[in-house]
Amino acid sequence: MPGLAPTRKVLDNGVTVIARRTSATPAVTLLAHVRAGAVHDPAEGEGTAYFVSRTVDRGTERYSAEELAGQLDDRAVSLTTSVTRHILSLACTCLSADVDQVLALVADIIMRPSFPEVEVDRRRGEVITLIRQDDDNPAAVAVDTLMSMLYGTTHPYGRRVRGTVGSVERVDRHALRRFHARHVVPRALCLTVVGDIEPARAIDAAQSMFGEWKGWPPAEVTSSSAAAYEGRRCRVVPMMNKSQTDIAYGFTTITRQDASYHAYWLMNNILGQYSLGGRLGESIREQQGMAYYVFSSLDANLMPGPLVIRAGVSPANVPKAVASIDTEVRKLVNFGPTEQEVAESRQYLIGSVPRTLETNMGIATYLQTAEFFGLGLDYDIRMPDLLRAVTREQIHEAARRAINPDRAVVVVAGPFEGPLS
């Protein structure tokens, strides 16, 4: 694989620009990542970053919400905004001929949002509706409860990204403006431009739009430790009016920068990702036929992230499903993976990279991830060899370190009231 070989430039004010030319179509994807995620929510303002993501494009000092929407619609551009625990994102794709005009609109939204009162009130109602829907969704309740038990309610990962009804009701436009002024600053922004445009021209355009932008130094995110607990902990959240029960079963693990990350990545793939859901899917869904879905996910991040096993089952199958998860996890801890599992998972992960890079947005997202975690812009070239260097013993050690069932946190939400062990 020849590699992406993007061009990277840091402007004088700290804005990072990454550009990569592709010529399959006359289109350009713009992906802006700002380190202004939910970890920066004020202590009494849980959900502020999410609220910003829902209102940042609803008007600027220059344009009303209707004018912004009209200009984007005229160019057949759909702008999406989103937020994670660490990143506020704005993304869109436009024709190459419209890059300058669309980038100017995106820059205006990033640098000069006005948070109009009427738009803030409208979006507050929408956010509260989403929160209430989460509160009525067993899968969301199970995951939110698991995260609060794994990390504690004062840790950024233990708090809800959308906040609570009470916290969102307290957030007004002044709180949104304060958050934006403090966290959406030049050195927190990375703009990736991928498509039918020369990298030099993309960087020049970014310099023209963002070069004079001033702001505070970016806020630092201090690494926080998860709450310290001994032994296994279980919780049942009865939701008796539902038909399905959702299980969230998890552990805290490592940061993305940890030297053993690739061993953990392979371990998680073998456990609950490969083919139809790894060992978990093969046993619980395919052989036993008692799960609507089952999988595991690893979110190694700037702070030690969780490995979470998710399953949806009928209420009658909850004890058996949890016991089966215990069995599969314990087998991996006690005996490790087979050489065949290691070879197949390694090849699967290596082979997945070209698939993720088939679109401009896929390339932009990949480059943003490499930049965010400091992996190097040649990570796509080095990654296969990093995976090939991982041994079966290293994967076994990752399992022993991370997923002991005796230290698991287990949450069940839905029409179930029985005990868990």
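The values are calculated or read from the model by the stated rules, or taken from the named source; none is laboratory data. The shown structure was predicted, so the numbers you read here are calculated from the model rather than taken from an experiment. Here the Cβ is made from the backbone with ideal geometry for all residues, glycine too, and neighbour counts use every protein chain on show.
Brief remarks follow.
- Qualifying residues in region 181-196 (those that are surrounded by 15 or more Cβ atoms within 10 Å (Cβ to Cβ) and out of contact with any helix residue (DSSP H, G or I) (no Cβ under 6 Å at 6 or more places or on another chain)) - the one nearest to Arg20 (Cα to Cα): Leu189
- Qualifying residue in region 134-146 (condition: over 27 Å from Pro304 (Cα atoms) and either modelled with pLDDT of 95 or more or not aliphatic (A, V, I, L, M) (or both)): yes
- Residue count for region 238-262 satisfying the condition of being in contact with a Ser or Thr (Cβ under 9 Å, 6 or more places away or on another chain) and over 21 Å from Leu150 (Cβ atoms): 2.
- Candidate set from region 266-297 (those that are surrounded by fewer than 22 Cβ atoms within 10 Å (Cβ to Cβ) and of a type in the set (A, V, I, L, M, F, W, C)); member that is modelled with the highest pLDDT: Phe295
- Test for Ala32: is it buried (at least 24 other Cβ atoms within 10 Å of the Cβ), on the phi < 0 side of the Ramachandran plot and among the aliphatic types (A, V, I, L, M): yes
- Qualifying residue in region 346-354 (condition: in contact with a Lys or Arg (Cβ under 8 Å, 6 or more places away or on another chain), touching a residue at least 24 places away in the same chain (Cβ under 8 Å) and over 30 Å from Cys92 (Cα atoms)): yes
- All helices (runs of 4 or more DSSP H) inside region 138-223 with 2 or more residues being under 20 Å from the mean Cα position of the chain (by Cα): 138-151
- Scanning region 45-66 for residues that are within 17 Å of Val120 (Cα to Cα), without any contact (Cβ under 8 Å) to a residue 12 or more places away in the chain and not aliphatic (A, V, I, L, M) turns up at least one hit.
- Scanning region 98-155 for residues that are out of contact with any strand residue (DSSP E or B) (no Cβ under 6 Å at 6 or more places or on another chain), surrounded by 18 or more Cβ atoms within 10 Å (Cβ to Cβ) and among the hydroxyl-bearing types (Ser, Thr, Tyr) yields Ser148, Tyr151.
- Any hit, region 202-225, residues being in contact (Cβ under 8 Å) with a residue 12 or more places away in the chain, surrounded by 15 or more Cβ atoms within 10 Å (Cβ to Cβ), in contact with a strand residue (DSSP E or B) (Cβ under 6 Å, 6 or more places away or on another chain) and not assigned by TED's automatic domain parsing to the domain that holds Ala91: no
- Within region 298-327, considering residues that are in a helix (DSSP H, G or I) and of a type in the set (S, T, N, Q), the one farthest from Gly414 (Cα to Cα): Thr327
- Unique residue being over 21 Å from Ala413 (Cα atoms), touching a Phe, Trp or Tyr at 6+ places or on another chain (Cβ under 7 Å) and surrounded by fewer than 22 Cβ atoms within 10 Å (Cβ to Cβ) when the list is Arg256, Arg330: Arg256
- Looking at region 338-421, the helices (runs of 4 or more DSSP H) lying wholly inside it that each contain 3 or more residues that are touching a Ser or Thr at 6+ places or on another chain (Cβ under 9 Å), within 24 Å of Pro304 (Cβ to Cβ) and at pLDDT 95 or above sit at 360-372, 392-402.
- Selection within region 226-279: residues that are assigned to a loop (DSSP other than H, G, I, E, B) and under 20 Å from Asn317 (Cα atoms). The member of this set that is nearest to the chain's Cα centre (by Cα) is Gln244.
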